[in-house]
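Contents: one structure, followed by commentary.
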Amino acid sequence: MEELQIKIVETLEELKQAMEIRRKVFIEEQHVPEAREQDGKDAEAKHILVVADGKLVATARVRMINRTTAKLERMAVIKEYRGKGIGKKITEFIDVFAKDNKIKEIVTHSQWQVIPFYKKSGYEQRGHPFYDAGIGHMEMFKKV
């Protein structure tokens, strides 16, 4: 990768691009039902879009749970760009966003296979494993 740009979505077109990445990863690849992936909470979230080498490759959203807690949701990286450090860059971007917005804790529901990734990014496990859309998850959190 030559150039990586991470930004907060500002236009309807950018939001559509983020939603297309989610469609590819969650609905088409992981077979999450569309009704489950489209949970009606996009309007209350900040969306992140990642461009690598001029191509849209990743997205995530951050939604406030309360005044000091944000939830990292719907992080998705296009298959051919996984393992290239993009997820790490997204979590770093969200850490800065959190500090800038006086957020004290970030929570996420990690799929089981990416728990090690979140641990490397400073998250800790909390609670018990659970299933969401037929996929194993674990709540994780990070103090900011």
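The values are calculated or read from the model by the stated rules, or taken from the named source; none is laboratory data. This one's a predicted model, so the numbers in the text were calculated from it and none came from an experiment. Cβ atoms come from the backbone with ideal geometry, glycine included; neighbour counts cover every protein chain shown. Surface accessibility is based on the protein's heavy atoms, side chains included, excluding ligands, DNA and RNA. Shrake-Rupley method; radii C 1.70, N 1.55, O 1.52, S 1.80 Å.
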The answer for the longest stretch of the chain without any exposed trypsin sites (Lys or Arg not before Pro) (DSSP loop, at most 12 further Cβ atoms within 10 Å) is 103-144
The answer for the chain, accessible area per residue at 1.4 Å probe in Å², is 57
So, with points 7 Å from each Cα along the Cβ direction, the Val96-Ile65 label distance in nm works out to 2.5
Longest the chain segment clear of GluC sites (Glu not before Pro) sitting in DSSP loops (not H, G, I, E or B) with at most 14 other Cβ atoms within 10 Å runs 11-144
Given unit charges at Cβ for Lys, Arg (+) and Asp, Glu (-), the dipole magnitude of the chain about its Cα centre in debye, nearest 20, is 560
Length gained if Asp132 through Lys16 is fully extended, taking 0.36 nm per residue and subtracting the Cα-Cα distance, is 39.4 nm
Calculated from DSSP helices alone, with each H run of at least 4 adding -39500 (n - 2.57) and the total divided by the residues of the chain, [θ]222 nm to the nearest 500 comes to -7000 deg cm²/dmol
Carbon and sulfur atoms account, in whole percent of the 1.4 Å probe accessible area of segment 17-95, for 50
Once amide hydrogens are built 1.01 Å from N within the peptide plane, the residues lying 5 or more places from Val32 or on another chain with amide H under 5 Å from its amide H are Ile27
